[in-house]
Amino acid sequence: MSLCSSLSPSVIVTRLRAAGCVFAEDEAELLLSTARDAAHLSVMVDRRVVGLPLEHVLGWAEFLGRRVAVDPGVFVPRRRTEFLVERAVALAPPRAVVVDLCCGSGALGAALAGALERVELYAADVDPAAVRCARRNVTAVGGQVYEGDLYAPLPAALRGRIDVLLANVPYVPTGEIELLPPEARIHEARVALDGGADGLDVLRRVTAEAARWLAPGGHLLFETSERQAPRAVETVARDGLLPQVVTSEELYATVVIGRKDAPGEG
């Protein structure tokens, strides 16, 4: 690609640094490698400098070694959430039936399907923009995406068949939304962030129905904060699942796993 001299790597790095981008050199390299031509690069740099998330500017995010399409306004998959998917991979049986609730871009379900040999994958989100984006990622690995509130749009035939239920629910308390970085607060859908007064409102709705949808021995996995984990565990147990908390210090991730008893257990 031939780029005009005014958009040399050093100029881009300087502009990104001035805009507060901590990893300006890395971002400049990504912008340069993604741009189709000099005009496209100029637009991308301008969008990043005014505060758009890098992933929205690029049109993709890297998640567990995969490039996942991420459209403007759609929740950007966080690196810490890779830990959730890794735990799900370890728990998934052969030919697993997987559902990705609150799927956003569909990054979790697509990554899980990519890590397993045979998967029956379904995803759902209430946000139409997220559903459009997820269809690009999930259908590419043979899955299906539905638009609607939590379990409501899923095929009824999935009841009692789900082996792995990924639920990357919003868990930021409403009163703390304004404390989020501008990239999230301004440029990601609020429905993907706001978890209600204590951050667990959506989770409670997920766990209330989870046992009906999970197969015997199936698992629900969701991310939460370290502070919220004890109350999340109480919620999981109250709704009939066996809870477990796993953490990754490296990724600063806390994941709660809820297991449904198989016949003869308990």
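The values are calculated or read from the model by the stated rules, or taken from the named source; none is laboratory data. Just so you know, these numbers come straight off a predicted model, no measurement behind them. When we count neighbours, we look across all protein chains shown, and the Cβ atoms used for this are built from the backbone with ideal geometry, even at glycine. Note: accessible area is taken over every heavy atom of the protein model, side chains too, but ligands, DNA and RNA are not part of it. Shrake-Rupley method; radii C 1.70, N 1.55, O 1.52, S 1.80 Å.
For the reader, a short list of remarks on this structure follows.
- Matching residues, the range 209-231, being buried (at least 18 other Cβ atoms within 10 Å of the Cβ) and out of contact with any helix residue (DSSP H, G or I) (no Cβ under 6 Å at 6 or more places or on another chain): ALA210, TRP213, LEU214, ALA215, GLY218, PHE222, GLN228
- The numbered conditions (1) more than 19 Å from GLU82 (Cα to Cα); (2) of a type outside the set (D, E, K, R); (3) buried (at least 20 other Cβ atoms within 10 Å of the Cβ) are all true for VAL126 except (3).
- Answer from PRO216, PRO243, PRO230 - the residue that is free of Cβ contacts under 8 Å to residues at least 12 places away in the same chain and not charged (D, E, K, R): PRO230
Rundown of residues vs (1) closer than 25 Å to LEU154 by Cα; (2) part of a helix (DSSP H, G or I); (3) of a type outside the set (Asp, Glu); (4) free of Cβ contacts under 8 Å to residues at least 40 places away in the same chain, yes/no style:
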site	(1), (2), (3), (4)
ASP26	no, yes, no, yes
SER33	no, yes, yes, yes
ALA61	no, no, yes, no
ARG67	no, no, yes, yes
PHE75	yes, no, yes, no
GLU86	yes, yes, no, yes
ALA90	yes, yes, yes, yes
CYS103	yes, no, yes, no
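- Among residues of the range 185-213, those that are within 22 Å of ALA129 (Cβ to Cβ) and assigned to a loop (DSSP other than H, G, I, E, B), counted: 4
- Selected residue [open to solvent by 30 Å² or more (accessible area, probe 1.4 Å) and under 13 Å from LEU214 (Cα atoms)] from ARG118, ARG95, ARG161: ARG161
- Restricting attention to the range 181-215, the residues that are out of contact with any Gly (no Cβ under 8 Å at 6 or more places or on another chain) and closer than 27 Å to ALA156 by Cα add up to 8.
- Which numbered condition ALA152 fails, given (1) touching a strand residue (DSSP E or B) at 6+ places or on another chain (Cβ under 9 Å); (2) open to solvent by 70 Å² or more (accessible area, probe 1.4 Å); (3) outside any loop (DSSP other than H, G, I, E, B): (3)
- Within the range 173-190, considering residues that are of a type in the set (A, V, I, L, M, F, W, C) and open to solvent by 30 Å² or more (accessible area, probe 1.4 Å), the one modelled with the highest pLDDT: LEU179
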